[in-house]
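The values are calculated or read from the model by the stated rules, or taken from the named source; none is laboratory data. The model shown is predicted, which means the values in this text are computed figures rather than measured ones. Backbone-built Cβ (ideal geometry, glycine too); neighbour counts: all protein chains shown.
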Amino acid sequence: GIKAVVFDLDGVLVNTDRFHYLAWKRILWELGKEFSVEDNEQIKGVARSKSLEILLQMKNITMSEVEKMRVLRKKNNLYLEYITEIDEEYLLEGVEEFLELLKFNGLRTAIASTSDNTSLVLEMTGLKKYFDVIIDGHKVKAPKPNPEVYLVCAMELQIEPDECAVFEDSRAGVLSAKRAGMKVVAVSGRIIGEADKCIESLKNLDMNILDFQ
Ligand code: G6P
Ligand code: MG
């Protein structure tokens, strides 16, 4: 059975997705390009530098390596500006209740995000106290969809990957967790990739969500 629950951060627990989106939108605007919500789907859950590569290709932009460095720094500065005001209000629906329920039932909990801003977001939203293990962009090299972040998580939890249930909202994230050999619940209202189940949000979940037979 499931002994631990591992969460992606952006878009699953915290409403920070829109700030990544707004930061990229501003970057592209400065480059004279549009950036739509549909465009954003292509980079959901994707690492910062890889996101830039995808966007440059999508929008037919060429850029020197030095310029790329400048843009990546700018993107993160914009993101940091957008999140200066976040607090518990930015938690997505049902998050704290579900985390309490997991604790009450003796499950271990972890965060697996490749964002370098994970710690900051967890502190600002008061989420840190809920997790036994936190793996972020500073702890692993390979971004999702590589399974590294989820494998390191299982190792630190001292639990087998197939005893972990993962909550993910992006294609790259679902792929990463499935490659690690974990069960996956897509928090996106529809099945993404090889996800085992899907839900709209963490609101009103009960322990049955962790039955995968
Ligand atoms: C998460 C987000 C992505 C973001 C990535 C890197 O996966 O969903 O939008 O690009 O983390 O985050 P960072 O905060 O390091 O730019
Ligand atoms: Mg996500």
- Tell me, which residue of segment 55-67 that is surrounded by 14 or more Cβ atoms within 10 Å (Cβ to Cβ) and assigned to a helix (DSSP H, G or I) is nearest to the chain's Cα centre (by Cα)? Leu55
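Here is a yes/no grid of residues against (1) under 21 Å from Ala142 (Cα atoms); (2) buried (at least 21 other Cβ atoms within 10 Å of the Cβ):
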position	(1), (2)
Arg179	yes, no
Val185	no, yes
Leu205	no, no
Asn208	no, no
Gln213	no, no
- Task: Restricting attention to segment 165-192, report how many residues are among the small types (Gly, Ala, Ser) and more than 12 Å from ligand 1 (Cβ to nearest atom).
- Result: 7
- Query: Residues in segment 132-147 that are touching a strand residue (DSSP E or B) at 6+ places or on another chain (Cβ under 9 Å) and more than 16 Å from ligand 2 (Cβ to nearest atom): how many?
  - Reply: 2
- When residues of segment 21-79 are filtered for being within 16 Å of ligand 2 (Cβ to nearest atom) and of a type outside the set (S, T, N, Q), how many remain? 15
- Query: With respect to the numbered conditions (1) surrounded by fewer than 18 Cβ atoms within 10 Å (Cβ to Cβ); (2) modelled with pLDDT of 95 or more; (3) out of contact with any Asp or Glu (no Cβ under 6 Å at 6 or more places or on another chain), which one is the sole condition not fulfilled by Ala165?
  - Reply: (1)
- Message: within 18 Å of Ile111 (Cβ to Cβ) and aromatic (Phe, Trp, Tyr): is that true of Phe167 in this structure?
- Response: yes
- Query: Quick check: anything in segment 120-129 surrounded by fewer than 18 Cβ atoms within 10 Å (Cβ to Cβ) and basic (Lys, Arg)?
  - Reply: yes
- Message: Report every pair of residues separated by at least 6 positions or lying on different chains whose Cβ atoms are under 6 Å apart, first residue within segment 32-52 and closer than 25 Å to Thr118 by Cα, second outside any helix (DSSP H, G or I) and of a type outside the set (Lys, Arg).
- Response: Lys44/Ser170; Gly45/Ser170; Ala47/Thr114; Ala47/Pro143; Ser51/Ile43
- Query: Take the residues of segment 184-201 that are assigned to a strand (DSSP E or B) and of a type in the set (A, V, I, L, M): which is farthest from Ala172 (Cα to Cα)?
  - Reply: Ile199
- Task: Considering (1) under 26 Å from Ile2 (Cα atoms); (2) part of a helix (DSSP H, G or I), say which one Glu93 fails and leave the rest.
- Result: (2)
- Item | Long-range neighbours under 9 Å by Cβ, at least six apart or interchain, first residue modelled with pLDDT of 95 or more within segment 108-135, second of a type in the set (S, T, N, Q) and part of a strand (DSSP E or B) | Tyr130/Thr109; Phe131/Thr109; Asp132/Thr109; Val133/Thr109
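If the requirement is being acidic (Asp, Glu), within 25 Å of Val149 (Cα to Cα) and either surrounded by fewer than 16 Cβ atoms within 10 Å (Cβ to Cβ) or at pLDDT below 95 (or both), which of these qualifies: Glu41, Glu30?
Glu41
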- Message: Let me spell it out: the conditions are (1) in a strand (DSSP E or B); (2) surrounded by fewer than 17 Cβ atoms within 10 Å (Cβ to Cβ), and Ala142 meets all of them except one. Which number is the exception?
- Response: (1)
- Query: Is it fair to say Phe35 is out of contact with any helix residue (DSSP H, G or I) (no Cβ under 7 Å at 6 or more places or on another chain) and surrounded by 15 or more Cβ atoms within 10 Å (Cβ to Cβ)?
  - Reply: no
